[in-house]
Amino acid sequence: MSIKLECRDGSVTIPKKYYEDYLSGEWFFNSLIKFKDDGKETLESDHITIELWENKAAILSLFDSLRFMKLTVHDGVSLDYLENLADMWCAPQWIIDEIQKKRLVETKYIKSKQLNILNHTFKCINCSAGYREIDNHESACYHHNHLFNHNTGTYNCCNRSQDDRGCVIGYHNVYPCNYNSIYNMLNKNKDE
């Protein structure tokens, strides 16, 4: 016997031994296999084909988690989607708990990376002041948008002197060369 699942993005064929060893517990998938059509037993058939409108990698994530008795998430699988699928299919509670823990850890990691960037000191391209993105706001930067005229001792944009506050008010802006620093901070290894 083999079971073929026609998913929305491909198919999966499950050998009988794999099904019996890892997937025959009390959950929706086992009931789906046992009673495919109108409540009739289908386990006597040589081949069973079931159409599912689910993501192949998510289904394999559930199957492999049961097989290894450890949460196993395949590439490209949303943890939100996987949790919803596990809940809908009545997967063992430990799988749902592990998905929730993994989501919490990933959320904390993302917030930690964002906090590192928000607390990093950058130099403003307009006023040359050092600033942290966490303190940046719509009136943080005062600067002039024209050159200083040394003959008159004033800025060409507003005729203010060098000691006067800038006439243009806005957010601090990062130098383009600092984008490399931002990129490196965002892409550091999780282990660091």
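The values are calculated or read from the model by the stated rules, or taken from the named source; none is laboratory data. Since the structure is predicted, the reported quantities are computational estimates derived from the model, not experimental observations. Neighbour counts are summed over all protein chains in view; Cβ atoms, including those assigned to glycine, are modelled from backbone coordinates with ideal geometry.
Couple of notes before you dig in:
- Lone qualifier among 145, 159, 126 - being out of contact with any His (no Cβ under 9 Å at 6 or more places or on another chain), touching a residue at least 12 places away in the same chain (Cβ under 8 Å) and not in a helix (DSSP H, G or I): 145
- Which numbered condition residue 172 fails, given (1) assigned to a strand (DSSP E or B); (2) surrounded by 13 or more Cβ atoms within 10 Å (Cβ to Cβ): (1)
- Cβ-Cβ contacts under 6 Å between residues 6 or more apart (or on different chains), taken from a first residue in the stretch 169-192 that is at pLDDT below 70 to a second residue that is polar (S, T, N, Q) and surrounded by 10 or more Cβ atoms within 10 Å (Cβ to Cβ), are listed as 185/116.
- Number of the exception - residue 72 against (1) surrounded by 11 or more Cβ atoms within 10 Å (Cβ to Cβ); (2) touching a residue at least 12 places away in the same chain (Cβ under 8 Å); (3) of a type in the set (Ser, Thr, Tyr): (2)
- Looking across the stretch 135-162, the residues that are under 18 Å from residue 121 (Cβ atoms) and exposed (fewer than 12 other Cβ atoms within 10 Å of the Cβ) come down to 135, 137.
- Some residue of the stretch 30-39 being part of a loop (DSSP other than H, G, I, E, B), modelled with pLDDT of 85 or more and buried (at least 16 other Cβ atoms within 10 Å of the Cβ): no
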